[in-house]
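Student: Take a look at the following structure, please.
Bear in mind that the values in this text are calculations on the coordinates, not laboratory data. Every value quoted in this text rests on a predicted model; they were computed, and no experiment measured them. Neighbour counts are summed over all protein chains in view; Cβ atoms, including those assigned to glycine, are modelled from backbone coordinates with ideal geometry.
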Amino acid sequence: MADTDRRNAGEGGETHQEAGGDVPVLTTNQGIPVSDNQNSLKSGARGPTLLEDFVLREKIFHFDHERIPERIVHARGSAAHGYFELYESLSDLTRADIFQRKGEKTPVFTRFSTVAGSAGSVDTPRDVRGFAVKFYTKEGNWDLVGNNIPVFFIQDAIKFPDLVHAVKPEADRGYPQATAAHDTFWDFASLMPESTHMLMWAMSDRTIPRSFRTMEGFGIHTFRLVNAEGHSTFVKFHWKPKLGLQSTVWDEAAKLQGADNDFHRRDLYEAIEAGAYPEWELGIQTFDEAFAAAQPYDVLDATKIIPEEDVPVRLVGRMVLDRNPDNFFAETEQVAYCPANVVPGVDFTNDPLLQGRLFSYLDTQKSRLGTANFHQLPINAPKCPVMNFQRDGQMQMHVPKGRATYEPNSLGEVGEEAGPRECPVTGYHTFERQLDEREEAGDKLRVRPELFADHYSQARLFWASQTPSEQAHIASAFVFELSKVGIDHIHARMIGNLRNVDEELAKRVADGMGIDLPKKSPAARDPLDMAASDALSIHKNMKASLEGRSVGILYADGSDGGAIDAVKAAVEKAGGMVKLVAPKLGGSKLADGKTRKADGQLAGTPSQVFDAVAIILSEEGAAKLSNEGAAVQFAMDAFGHLKAIGASDGAAALLDKAGVEADEGVTDLGDDFVKAAARRFYDREPKVRMLA
Ligand code: HDE
C-alpha cells in the first residue's frame, strides 16, 4: 500500500499540497516544515507512538498552555477598536495632548465586561458592566477604566477583596455563578450601609442593559485636569451613548441567558460588521475646590455622584468603535487596563478607592499575563516611542542595543548610544497640592472623612429620580435577590437599611418577601432630601429610534411575501435591523408558492433577541403555529417584555393563544408598527406581571 493511502486523511478536504504549491507550508514553532499533520510518529502502524515525535510533542505542549488565568473580576468581556475625536480644544483646562486640537482623532481600544461571572459565563446576568477605554495618545497610553454606573459599593480599597469574595460563588459550594443573588453578597452588603446607593443602581435596570451600545459609562472617581500653567480643575468623566439609554426587563434578561449566552458580545460584533458603528460622547463635569467644599457630600467619596443639574456635563468629544478585534485572545483577553496609566495633564485625587486601584491593576496583570513585559504585547504597547532603561524579564520581546542600561552615563561622549533622559518640561508632573483646607495633613490615621458617613442621601436621590415603573423594577429586584438569600436576619437588616432610603420602598420589599417590616437601621448621619435628577432615570433618557434596534419577523408556510418585504424595507429605512424567523431554517413556502429562507429557526430564535416583532401569518399558518410552543412563547414573551408587536390579520389565533391584548404597542403592519418598534410599552406591565 502507498504511504498516502495509509494516512487516512484528506477525504473531502485537502490536508496536504505538492512541493512548490502556493498555500503557505505548515511549520512547527521552530519553522520546520511539517509533512503530516494527521498522524503521530509510530513504530509501525499499530506500534507505540515515539517520544521522538517533536511535531506531536510541540503541538500538544502548546495546546496544554493555551489558557491563561482569567481576570479576578471583569473576566467576561468584549472589545472593539475605534477612535476618539475631540470637539474643541480643552487647553484652558488640561495640557493633555489628546485634548489640544479640535477634530484630532486618537486611536482607542474599548472593553466592556460583566464583573462577577467567569470568562465562560453569560452576557446578561444582573451585574455592573465594566467600560474600559485605552486611549493610545501621542504622550503615552491613558486608560479610563470605568463602569456603567457612576458610583461604587465601597469607599475604601481595603474593602475590595471582601466585596469580591462576597459576590463570587460561595467558597464551599462553588455557586452561584455570575450573580449577587445569594447569602454572602447580601450578608456583606447589608453590613456595609455605604453600599446602599450603589445597590439602588444595581437593582435598577442599569444592570440589565439591552446592549453595550445603550449604556452610559463613568470614570466614577473625581480626577484632576491640569493645564500648562499647573492649574488644577476637578473632573468627573461620563460617556453618553448616541443611541440613548435602553435596558431589558428582568424576565427578558433571565431568558436571554438561555436564548443567547453571547447576546451583548454578538450585538457589538454584528453592529460593527454591519457598519452601524457604536458611538458615545465624552462628557466632563468640572469644578473647583470651592464648589467641592460647599457640597453636602465629599467629592473624594466614590459612593457619591455630582448631580448633573448642579454641574452640567459638557460634551467634549466622541468615541466611535469601528473595527472588531482580529483575534479575541491576543487583543480582548490580553489587553491590560490600568487607572494608573495617565498622561501629563490628567491626575488623581485622594479618593481612597482610586488610590487602591492604582496599585491593584499592574499587580494583577503581572500575575495574569505572566511577565512584567506585558506592556510590549501589541494591544498594550503605546503607539508613541517607549524609551527607558528597564531591561530583561520573562518574555522580553525587544532587542535593546548597546550597553547603556543606566543613567546618568557618559557613553555618548565616546560615540556610543547613551539612551534617553528625563525632561522636566514635557515630562509628567504630579499636581503638588493634593489636600484642600479641610484636611489635617500628615497624620497617619485609619479613618474616613466626616461626610463619607452619609450613606443614604444619594440613595434617596436616586429613588426619587425614577419613574414609577422604574421604582417598581427596583423594588422587585430587591425582592428577587433577597428571596435567594436563605438567612432571615439578612433580609431584616437589608430592609432595615432601606427604610433610611424610603419607607415606601422598604414596605414594598418586605411585602414582596412576605415578611413584617423590620426595624429601621440606625443611620450614621441623617439623610438629606436632595432635588431629583432626571439624568438618573433610564426612561427619561431613552430615544424613540429604530437605530440600533432589531426586529424579528415570524412567518410560516402560506405567509404573504409582499407583507414581509414591506415591513423589512420600512424597518431598515428607519435604521433598524431585520431577521426572518421561521419554523425551519430552510424557509417556508409563501402564499405565492416561493420559498423564503429564514435567518433563524424559531425554536432557537425566541423574541427575547429582538426589540420588536412582526408576526406575519396566514390563518392556516397561525392555526398550525398555535400548537407550537415556541411560536406561542414568541408572541407571549414579546408582549410580556413590553415590545411592539405588528401582526397580520391572519395571525389573530396565535396572538389570542399567547394572551396578547390590544394596546398601543400591538399594531397592524403599517407605519404604526415602525413607530411602535422604536420604543417599549412600560404602561403595559401591570397587565403582565405583579411587581413589588
Ligand atoms: Fe477594578 N479591577 N477594581 N474597578 N476594574 C480590575 O484588573 C480593583 C473598580 C474595572 O476590561 C482588575 O486587569 C480594585 C472600580 C474594570 O480588562 C483588578 C478596586 C471600577 C475592569 C481590579 C476596583 C473598576 C477592572 C481585574 C477597588 C470602576 C476590567 C483584572 C479599589 C471605576 C478592565 C484587571 C478590563 C478590573 C481591581 C474597583 C473598573 C483586580 C482593587 C471602582 C472596567 O486589578
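Student: What distance in nm separates the simple spin-label points at residue 595 and residue 398, each placed 7 Å from Cα in the Cβ direction?
Tutor: The two pseudo-label positions are separated by 6.0 nm.
Student: Then there's this: With +1 on the Cβ of every Lys and Arg and -1 on the Cβ of every Asp and Glu, and nothing else charged, how large is the dipole of the stretch 492-595 about its Cα centre, in debye rounded to the nearest 20?
Tutor: Numbers: 16 positive and 14 negative charges, 62 e Å.
I would put it at about 300 debye.
Student: Estimate the FRET efficiency between residue 484 and residue 507 by the formula 1/(1 + (r/R0)^6), using the beta-carbon distance for r and 30 Å for R0, to the nearest 0.05. Write down the numbers at each step before the final one.
Tutor: Values: r = 21 Å, r/R0 = 0.69.
Efficiency, rounded to the nearest 0.05: 0.90.
Student: At 1.002 mPa s and 20 °C, plugging the Kirkwood radius over alpha-carbon pairs of the stretch 513-575 into Stokes-Einstein gives what diffusion coefficient in µm²/s? Write out the running numbers ahead of the final one.
Tutor: Working: Rh = 17.8 Å.
Translational diffusion coefficient: 120 µm²/s.
Student: Also, quick follow-up: So how strong a dipole does the chain carry about its Cα centre when Lys and Arg Cβ are +1 and Asp and Glu Cβ are -1, to the nearest 20 debye? It would help to have the intermediate numbers written out before the result.
Tutor: Details: 77 positive and 102 negative charges, 131 e Å.
So the magnitude is around 620 debye.
Student: Could you tell me which of rounded, prolate or oblate describes the chain, using a ≥ b ≥ c as the square roots of the eigenvalues of the alpha-carbon gyration tensor, with rounded for a/c under 1.5 and, failing that, prolate when a/b is larger than b/c and oblate otherwise? It would help to have the intermediate numbers written out before the result.
Tutor: Details: a/c = 1.71, a/b = 1.05, b/c = 1.62.
Judged from the Cα gyration tensor, the chain comes out oblate (a/c at least 1.5, b/c at or above a/b).
Student: Please name whichever of 451, 427, 354 sits farthest to the positive end of the charge dipole of the chain, dipole taken about the Cα centre and charges placed at Cβ: Lys and Arg +1, Asp and Glu -1.
Tutor: 354
Student: Here's something else I'd like to know. Work through the residues other than residue 368 whose Cβ is under 11 Å from its Cβ and net out their charges, Lys, Arg +1 and Asp, Glu -1.
Tutor: Net local charge, residue 368 excluded: -1.
Student: Taking R0 as 30 Å, what FRET efficiency do you get between residue 464 and residue 315 from their Cβ-Cβ distance, rounded to the nearest 0.05? Don't jump to the answer; show the numbers that get you there.
Tutor: Details: r = 26 Å, r/R0 = 0.87.
Efficiency computed from Cβ-Cβ geometry: 0.70.
Student: Then there's this: On full extension of the chain, what length is gained from residue 42 through residue 407, given 0.36 nm per residue of separation minus the C-alpha to C-alpha distance?
Tutor: Values: separation 365, 0.36 × 365 = 131.40 nm, distance 5.71 nm.
Going from the current span to full extension adds 125.7 nm.
Student: If you plug each phi of the stretch 137-152 into the Karplus form 6.51 cos²θ - 1.76 cosθ + 1.60 with θ = phi - 60°, what whole-Hz ³J(HN,Hα) values come out, in order, with x for Gly and Pro?
Tutor: 3J(HN,Hα) across the stretch 137-152, in whole Hz: 8, 6, 10, x, 7, 10, 9, 9, 9, x, 10, 8, 10, x, 10, 10.
Student: Give me the lysines in straight-line cross-link reach of residue 507: C-alpha distance below 21 Å, same-chain residues under 8 apart excluded.
Tutor: Result set, ordered by chain and number: 484, 519, 520.
Student: So if I take the centroid of the Cα atoms in the stretch 554-603 and the same for the stretch 188-203, what is the distance between those two points in Å?
Tutor: 46
Student: With charges only on Cβ, +1 for K and R and -1 for D and E, what is the dipole size of the stretch 618-664 about its Cα centre, in debye, rounded to 20? Don't skip to the end; give the middle numbers.
Tutor: Details: 3 positive and 9 negative charges, 36 e Å.
I would put it at about 180 debye.
Student: Which residue, 184, 538, 286, has the largest displacement toward the positive end of the dipole of the chain when charges sit on each Cβ (Lys, Arg +1; Asp, Glu -1)?
Tutor: 184
Student: PRE reach from residue 270 (point 7 Å along Cα→Cβ): which of the stretch 319-342 fall under 19 Å by backbone N?
Tutor: Only 321-325 fall inside the zone, counting backbone N under 19 Å.
Student: Still on this structure, please answer the following. Can you tell me the relative contact order of the stretch 575-692? Whole percent, Cα pairs under 8 Å, sequence separation 6 or more.
Tutor: Values: 186 pairs, mean separation 24.8, N = 118.
Relative contact order, the stretch 575-692: 21 percent.
Student: List the relative contact order of the chain as a percent without decimals, with contacts defined as Cα pairs under 8 Å and 6+ residues apart.
Tutor: 12
Student: Determine the shape class of the stretch 543-673: with a ≥ b ≥ c the square roots of the Cα gyration tensor eigenvalues, call it rounded for a/c under 1.5, and otherwise prolate if a/b is greater than b/c, oblate otherwise. Before the final figure, lay out the partial values.
Tutor: Working: a/c = 1.43, a/b = 1.15, b/c = 1.25.
The shape class here is rounded.
Student: In deg cm²/dmol and to the nearest 500, what is the mean residue ellipticity at 222 nm of the chain if only DSSP H runs of at least 4 residues count, each as -39500 (n - 2.57), divided by the residue total? Can you show the working numbers first?
Tutor: Values: 18 runs with 174 residues, N = 692.
Value at 222 nm, helices only, nearest 500: -7500 deg cm²/dmol.
Student: Which lysines have a Cα lying under 16 Å from the Cα of residue 584, excluding residues fewer than 8 positions away in the same chain?
Tutor: 594, 597, 624
Student: Give the residue list of GluC sites (Glu not before Pro) in the stretch 102-198 that are DSSP loop and have at most 15 other beta-carbon atoms within 10 angstrom.
Tutor: Numbers: sites: 104, 139, 170, 194; in loops: 104, 139, 170.
For GluC sites (Glu not before Pro) across the stretch 102-198 that sit outside H, G, I, E and B with at most 15 neighbouring Cβ atoms in 10 Å, the list reads 170.
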